[in-house]
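Have a look at the structure below before the remarks.
The values are calculated or read from the model by the stated rules, or taken from the named source; none is laboratory data. Here the structure is a predicted model, which is why all the values come from computation and not from measurement. Here the Cβ is made from the backbone with ideal geometry for all residues, glycine too, and neighbour counts use every protein chain on show. Surface areas here come from the heavy atoms of the whole protein model, side chains and all, with no ligands, DNA or RNA. Shrake-Rupley method; radii C 1.70, N 1.55, O 1.52, S 1.80 Å.
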Amino acid sequence: MWRELLPVGRHGATGGYRRHAWTAEDGECRVWFAEQARRRGLVYEVDRNGNQWAWLGDPAAGDAVVTGSHLDSVPDGGAYDGPLGVVSSFAALDALRERGIRPVRPLAVVNFGDEEGARFGVACVGSRLMTGVLEPGHARSLRDGDGVLLADAMERAGQDPAAIGRDDERLSRVGAFVELHVEQGRYLADTPYSVGVASAIWPHGRWRFDFRGEANHAGTTRLQDRHDPMLGYAATVLSARELARAAGALATFGKIRVEPNGTNAIASLVTAWLDSRAADAETLDALVKGISDAAVGAEVTRESYTPVVDFDVPLRDRLSRALGGVPVLPTGAGHDAGILASEIPTAMLFVRNPTGVSHSPHEHAEEPDCLAGVVALTDVLQELLCAPPDAPSAPAADVARDPR
């Protein structure tokens, strides 16, 4: 599976991945997912928001255990962020069959659409729409850097944008969601453990800063006559770094758009996007206010915000015990699991990342750790599928029968 998926969307010059939502590369990933479902004789569905599902057992039975992640990427992202969780989910299903497990709950593997938000600027679009966190009209009006509407991109890919929105019927099917993900950080690298369990996701958000100035000639306009918005932007970047350091938080200006964007022209507009995260909402709010105050004259617009997510404690503790007491650790990265946590019991497993590098072509996890992640996910799924506490039993699915 890994070898089949690895070339899709890989850029020849950078070695990074460009699998942006509703592009041809994203479409190849979606075809790959559907083929994995077909090979295993699973019930394949695409929901109203473009999320892909592969079901073992009756999808309508309820109280299902769901696992999976996403297949899209950030610009020039790594191979593991997202795909490792989807590949490991199919591998864990195969391992359950090899063990001869007969679950009493349905099992599904999911690929959530547009998790990274790389093309349209809002992260976790598929799960946000499903849970109603993202308003459908706003989602349809999102535009990419070329001015293409999300609605038009979905329609070109064969998905009906008029149907998107909160999906109560889909949510009612799910009893628990477990997402495996490469660790984005190096906590586990300093431990003997290949796998950890997530405790919480820091609150985080994205803000747009518009610095306005006056376009003019770079070679003829005296310095004292300039209204250069790049100066305000540069000062704000430096202030953000110092304010974040003092707060023990994170602040990053990672995306910028300049108009008219000419080497010999003073800019008329600099638009920059801030990504900021902190251990608690109060710290984050104070940090963003401080950065906004430092951006004198800039227009600041909040584009997305996710409050702190504490994963379901009984589920988290149950998974940690099932895995022999592996480390429990927080993360500053957002995930579909964090969006779903407000609706259903949700947990995450992290696979050790030796360098901590992520959102980069240099993102990596060692094969023994990846295989340990599959074993851990298999153990967790077996625990949840075969011994659900205080839950009615659905008709058993015949995991042991592999139709391939």
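Numbers for the structure displayed
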{"quantity": "Degrees between helix 367-386 axis and first principal axis of the chain (Cα, 0 to 90, nearest 10)", "calculated": "60"}
{"quantity": "For the range 105-173: accessible area per residue (Å², 1.4 Å)", "calculated": "36"}
{"quantity": "The range 101-258: radius of gyration over Cα atoms, expressed as a fraction of 2.2 N^0.38 Å", "calculated": "1.46"}
{"quantity": "Beta bridges per DSSP with both ends in the range 1-159, % antiparallel, nearest 5", "calculated": "70"}
{"quantity": "Accessible carbon and sulfur surface of the range 110-233 relative to its total accessible area, %, 1.4 Å", "calculated": "48"}
{"quantity": "Cα pair distances of the range 136-188 binned at 10 Å [whole percent]", "calculated": "19, 29, 29, 22, 2"}
{"quantity": "Kirkwood Rh and Cα Rg combined as Rg/Rh, the chain", "calculated": "1.00"}
{"quantity": "Percent antiparallel among DSSP beta bridges (both partners in the chain, rounded to 5)", "calculated": "70"}
{"quantity": "Rounded tilt (10° steps) of 313-322 against the dominant C-alpha axis of the chain", "calculated": "60"}
{"quantity": "Extended-chain gain in nm, criterion 0.36 nm per residue less alpha-carbon gap, Leu238 and Val43", "calculated": "65.0 nm"}
{"quantity": "For the range 35-181, convex hull of alpha carbons as volume per residue, Å³", "calculated": "109"}
{"quantity": "Share of carbon and sulfur in the accessible heavy-atom surface of the range 274-340 [1.4 Å probe, %]", "calculated": "52"}
{"quantity": "Helix-only [θ]222 nm of the chain, DSSP H runs n ≥ 4, -39500 (n - 2.57) each, per residue, nearest 500", "calculated": "-10000 deg cm²/dmol"}
{"quantity": "Simple Cβ-charge dipole of the chain, Lys/Arg +1 and Asp/Glu -1, about Cα centre, in debye nearest 20", "calculated": "340"}
{"quantity": "Share of carbon and sulfur in the accessible heavy-atom surface of the range 1-105 [1.4 Å probe, %]", "calculated": "51"}
{"quantity": "Principal axis dimensions, largest first and in whole angstrom, of the range 87-166 by Cα", "calculated": "51, 23, 21"}
{"quantity": "Cα-only Debye scattering, the range 1-112: base-10 log of I(q)/I(0) at q = 0.10, 0.11 Å⁻¹", "calculated": "-0.30, -0.36"}
{"quantity": "Using alpha-carbon coordinates, inclination of helix 24-39 to the longest axis of the chain, degrees", "calculated": "10"}
{"quantity": "Accessible surface, per residue, of the range 255-329 when the full set of protein chains is kept, probe 1.4 Å, Å²", "calculated": "50"}
{"quantity": "Rg(Cα)/(2.2 N^0.38 Å) for the range 213-303, N = residue count", "calculated": "1.21"}
{"quantity": "Evaluated at q = 0.12, 0.15, 0.16, 0.18 Å⁻¹: base-10 log I(q)/I(0), Debye formula over Cα of the range 224-372", "calculated": "-0.71, -0.96, -1.03, -1.16"}
{"quantity": "Per-peptide average of other Cβ atoms within 10 Å, ordering 336-343, 167-174 highest first", "calculated": "336-343, 167-174"}
